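I have placed the structure first, in the form of structure tokens, so that the comments after it can refer back to it.
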Protein chains: 4
Amino acid sequence: MTAGICLIGAGRIGAIHAENIAAAPGARLLYVVDASPAAAEDLAARYAAQVADLERALADPAVQAVLIASSTDTHVALMRAASAAGKAVFCEKPLDLDLARARECLGELESAGTLLALGFNRRFDPDFNALWQRVQAGDIGEIEMVTITSRDPGPPPLAYLQRSGGLFMDMMIHDFDMARWLLGEDPSSLYATASSLVDPAIAEIGDVDSALVTLKTPGGKLCQISNSRRASYGYDQRIEVHGSRGMLRAENRSASQVECFRAGAVERDPPLDFFLERYAQAYRIELDAFLTALAGQSAQLVTGSDALKAQVLAAAAARSCAGNCAVAPDYLGIEHA
Amino acid sequence: MTAGICLIGAGRIGAIHAENIAAAPGARLLYVVDASPAAAEDLAARYAAQVADLERALADPAVQAVLIASSTDTHVALMRAASAAGKAVFCEKPLDLDLARARECLGELESAGTLLALGFNRRFDPDFNALWQRVQAGDIGEIEMVTITSRDPGPPPLAYLQRSGGLFMDMMIHDFDMARWLLGEDPSSLYATASSLVDPAIAEIGDVDSALVTLKTPGGKLCQISNSRRASYGYDQRIEVHGSRGMLRAENRSASQVECFRAGAVERDPPLDFFLERYAQAYRIELDAFLTALAGQSAQLVTGSDALKAQVLAAAAARSCAGNCAVAPDYLGIEHA
Amino acid sequence: MTAGICLIGAGRIGAIHAENIAAAPGARLLYVVDASPAAAEDLAARYAAQVADLERALADPAVQAVLIASSTDTHVALMRAASAAGKAVFCEKPLDLDLARARECLGELESAGTLLALGFNRRFDPDFNALWQRVQAGDIGEIEMVTITSRDPGPPPLAYLQRSGGLFMDMMIHDFDMARWLLGEDPSSLYATASSLVDPAIAEIGDVDSALVTLKTPGGKLCQISNSRRASYGYDQRIEVHGSRGMLRAENRSASQVECFRAGAVERDPPLDFFLERYAQAYRIELDAFLTALAGQSAQLVTGSDALKAQVLAAAAARSCAGNCAVAPDYLGIEHA
Amino acid sequence: MTAGICLIGAGRIGAIHAENIAAAPGARLLYVVDASPAAAEDLAARYAAQVADLERALADPAVQAVLIASSTDTHVALMRAASAAGKAVFCEKPLDLDLARARECLGELESAGTLLALGFNRRFDPDFNALWQRVQAGDIGEIEMVTITSRDPGPPPLAYLQRSGGLFMDMMIHDFDMARWLLGEDPSSLYATASSLVDPAIAEIGDVDSALVTLKTPGGKLCQISNSRRASYGYDQRIEVHGSRGMLRAENRSASQVECFRAGAVERDPPLDFFLERYAQAYRIELDAFLTALAGQSAQLVTGSDALKAQVLAAAAARSCAGNCAVAPDYLGIEHA
């Protein structure tokens, strides 16, 4: 059975999802919805889908799920509309910059019994997933320390940064999700510090471009996260987990396995360029998991609570950074992992 | 413009090509031809193609190219038929176990002006291709020595081996093509020696399972090839090129970049399992190159001469092995690279 | 000209120094002084040195330098005595657990014009030193982030821990020195958090066994340090420096370069066991630097100020950890780097 | 008990041995003998040894062993003299360029019961030795193929090459020893081919600078050896052993473990420069093994038969290369391994 999908958002991330939906044996891209008709038309044409407004797409019973890849400020309204129409929802992160609003929306979807998955794609990266599987299998005993490194090749445009919610909410939110996933516990203490080293314009809009965060769980597990908006050598995404019986680490992938030995140095290829290359497989596997759940089978999804807790940590980081003191994240009463 | 393709052969290799044709934006799988109607039906159904006999498929003007992935003994007749019908031809290796017959067929296709490409997929492997590009760019100066390692995880079924033409023709033929490609010269001397170490049954049918070959070109460049039908740790495909100003080497790819540090050892994943995994990308890029040429644009293809010369080297290896002495490959008057 | 050395302390570290003094072309081990006559006798005999009490050794004009490798509580008195006798001093870290006392002693030695070097051996590790040289050479541009990982294979005996001054003073002090050395600036903010995950007995004596520290300099450079008293896979000592134009990292060394490929995994040797193996070369090079300075030539030494500042950071870490809030290290008015 | 040693030959290799003898707890360098009194004087002075002529040194009962590191043409006479004087002998390779003469001399030493060890230092390299130990332990099952790569950074002076016996005898002889050691069988067939690619002057004196050799044992095990007199990236010494249950390989060592990530490439240090750096430890461990045997304890030594067989293979390689056909090495009736 093939699931009919309505894609909302025909931008860069929407285009990835459109391609993956088209290639997935179990799915069919029926509609593309976007504020820009030209963008919607262009993407729809590539995959023989129709352009429609939201109302029409949600009215079509062939649509089983809505995939939301539009701007953050539209997420809550779209999730509500899709849920009201009885559709399953896949939504890109974050839920909403307003935590209370995000939480309220999640409560409604839960009451309605709507299937919801959030787009934290890194959990589906084959390397990080393999690492996590081995942690679960007990290969390194009890987890003691997690180290997460995440560096972008360069900062996004200032216009984007101004609407992004800041480095902690826009960039480190992925690492907060990784941290919770790997620690298996919700951090009870968080310390953040940050600098503007890459571009003074980022400081001028009140944001930072380099940051370190330390997390501690009630069980005493420790985690350190480092973020930078600049890495001349490519997209740097690594995880290291230290346990009572060993250490697991996931290194970056490169374009080739070729090494060049010459006078003075042995050279190999740097890490893959950016998230489109690095997480191409992760996006596909993430979609597969959602389609599997949609078909009524068991699948590992990123839940609304997961997404909300990552945002809680991002908000706590901004607070800690401002006060230069550790803070206790306020989970708003969401049940613990 | 989309190229209509007729696929002949619905076996393991045919299935790879069918999937790649279906996914290629510039191609469409129109027909599947196979001696087994059930196999043809099964594959055709997966990609909305038709099952047909050869005559009917070749009669369709929408078919621009024939992709031959049937058993070796059918290659020559099929190439002739496709050429006579004015179709371009992509053919899996080898051309034919009878060198004279293969050569004659190539002459006919050349006279007819038929576009022909042979399926030596390793030239399109991203790692080997990146290595070759750097050799061409002069990154390591003049080539002096090439080392090619090629080990299968385990031997194929005996029934297959009995029809295969032997290890040199069936397996090392790929390495002979790599050698010529990297050396940039046709070897003028070849020495081969071999053993049966993996399975006595292989010796009983007159074949070998472990072999070493040494090549020397007129310019004095040297090349060593090693083959084994057994590698407990996966599919081992490596190349090393030593030049006057350095060395390039292409290592294997693994399923993940995860390392596990524990008492006694640091572990990482072994090489990818077999050619379907390792050369998945190579098959796609190889097809793209053929489609590019089909569209009248410039592309690096493996020519009939390339394929014939690889067979010439395989035949020479069998001869050298029997006499335990170096031999001069007989290129049958084919023009040199 | 050969420098006569008096070694104080015939324990594990003293024995390393004795062996290196004996092997150094420019030095001669004249005396071994130790509270335990048997230990002194044993070590002295191995290198044809004499056992003496401090007074007699310092009275010998052939003694040019005193190497102090005795317990921490004896350091200040010994440095004073050596300085008063006109000898140069090499002293193991830390200076003294009492910062004010340590500072006072340093002032006296400075007034006396005594040549003083502190035993922060990691600066002399060939890998860390090569990394530092490349940072100095500007290979990665301006420094933005430093990551230091330091894990012992297992905790020392409780009896040792009870006198050690705690993890920050005993173990992380080395990493504080590395941090200052690599950052090229004195941190102005420090946050520390820690856990007892390895052995409950360590918590019972009021110490921790797992800790994370975050440093920030006035220029906004960031540094994260992680320490653990347990690493099942060996002694884990790594540094990573991220700059505006690239990243440098120094990985661990292993006993061999042998890799074993087998079904399921590729294995290599884990990191070298402990500091005696890992820092064997560092101890030798450190001594050479001291001997070079002793001969009146230019050498990179670790100064009293360096040692004191590392202790200041260790003290700040303990304070931060207790309050779970960042603190400003109190450099006691010592001039900045 | 300390063994008194007489060193013959104060050149580059002699100097290495002198330093190691001086540093070994169980040995003392008593005499240095060299045709050049100045060279002998210089080396002797460094280690408080005496300069003597051979007669006087051999007459001293404190001399237990003679270490021969003089030019090849002196080896046989010196071994005879040392044996006649009742001394143990450690001799650098090769025994003598004349195989019959070498064999005769070995017979005499054997009859005299003289302890003899040959200087094939690579067996004592920690990496190669660790690899060999794992082969012996059965870690990769039955050995099937051995691959040995040996490349010098650059060719030695022509004057040296003219007296060296040619690449097979001077350079590849080490690899022949490695091959026998790892295969655990004496090769029964050998094929060699070679080129002059590095320097035309080498061809003019009738030698080659690039060579490939293939070995086969009676049990069907295969081995390939490659040699080059040029490697712009350093001294390249690698071994790979492929067995029925896996593969072991020993990679090169580098000066540091530092990696530099920058736009375009990740760089690390090339292999160590040359044999003095690469085999520094091997020379020390080799001497220790000899001293252990001298003290009457069990030790793995390289025997006269081992040395002779390596020469037999070198001679066979020259013969094979001349005829471009495989040859059967003539072991002169020496008992098989």
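I want to verify the translational diffusion coefficient of region C:171-215 in µm²/s; compute it with Stokes-Einstein, Rh as the Kirkwood radius over Cα pairs, at 25 °C and 0.890 mPa s.
Approximately 207 µm²/s, per Stokes-Einstein.
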Quick one: angle between helix D:304-323 and the longest Cα principal axis of chain D, in degrees between 0 and 90, rounded to 10, please. 40
Tail weight of P(r) past 19 Å, computed on alpha-carbon pairs of region B:3-114, percent: 40
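State, as an integer percentage, the relative contact order of chain A based on alpha-carbon contacts under 8 Å between residues 6 or more apart.
19
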Can you give the three extents of the C-alpha atoms in region D:78-168 along their principal axes, from longest to shortest, in whole Å? 45, 38, 23
For residue C:87, the aspartates and glutamates lying under 15 Å Cα to Cα, once residues fewer than eight places off in the same chain are dropped, come out as C:55, C:60, C:108, C:110
Label-point separation in nm, residue B:12 to residue D:158, each point 7 Å along Cα→Cβ: 5.6
Nearest-ten-degree value, helix B:172-183 long axis tilted from longest Cα axis of chain B: 80
For chain D, with a Gaussian network of springs between Cα atoms less than 10 Å apart, report the residue from D:310, D:102, D:231 with the top mean-square fluctuation. D:231
Among the GluC sites (Glu not before Pro) within region B:135-200, which fall in a DSSP loop and have no more than 13 other Cβ atoms within 10 Å of their own Cβ? B:142
Give the cross-link partners of residue D:93 among the lysines, using a straight C-alpha distance below 25 Å as the criterion and excluding same-chain residues fewer than 8 apart. D:216, D:309
Pairs of Cα atoms farther than 30 Å apart, chain A, %: 38
Placing a label point 7 Å from Cα toward Cβ, how far apart in nm is residue A:74 from its equivalents in the other copies, listed shortest first to one decimal? 5.2, 7.6, 8.9
What angle, in degrees between 0 and 90 and rounded to the nearest 10, separates the Cα long axis of helix D:37-46 from the longest principal axis of the Cα atoms of chain D? 90
If you bin the C-alpha pair distances of the protein assembly as shown every 20 Å from 0, what whole percents do you get? 9, 31, 35, 20, 5, 0
What FRET efficiency comes out for the pair residue C:300/residue B:280, r = Cβ-Cβ distance, R0 = 56 Å, nearest 0.05? 0.60
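So which GluC sites (Glu not before Pro) in region D:245-306 end up in coil per DSSP with only 13 or fewer other C-beta atoms within 10 Å?
Nothing satisfies the criteria.
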Whole-Å distance, taken between Cα centres, linking region B:241-302 and region A:89-162: 31
Normalising by the residue count of region D:3-114, find the relative contact order in percent from Cα pairs under 8 Å and 6+ residues apart. 25
Dipole magnitude of chain B about its Cα centre, charges +1 at Lys/Arg Cβ and -1 at Asp/Glu Cβ only, in debye to the nearest 20? 400
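FYI, it's all coordinate maths here, none of it is from the lab. Keep in mind that what you see is a predicted model, and the values were worked out from it rather than measured. Methodologically, a virtual Cβ is constructed for each residue, glycine included, from the backbone with ideal geometry; neighbour enumeration extends over all protein chains shown.
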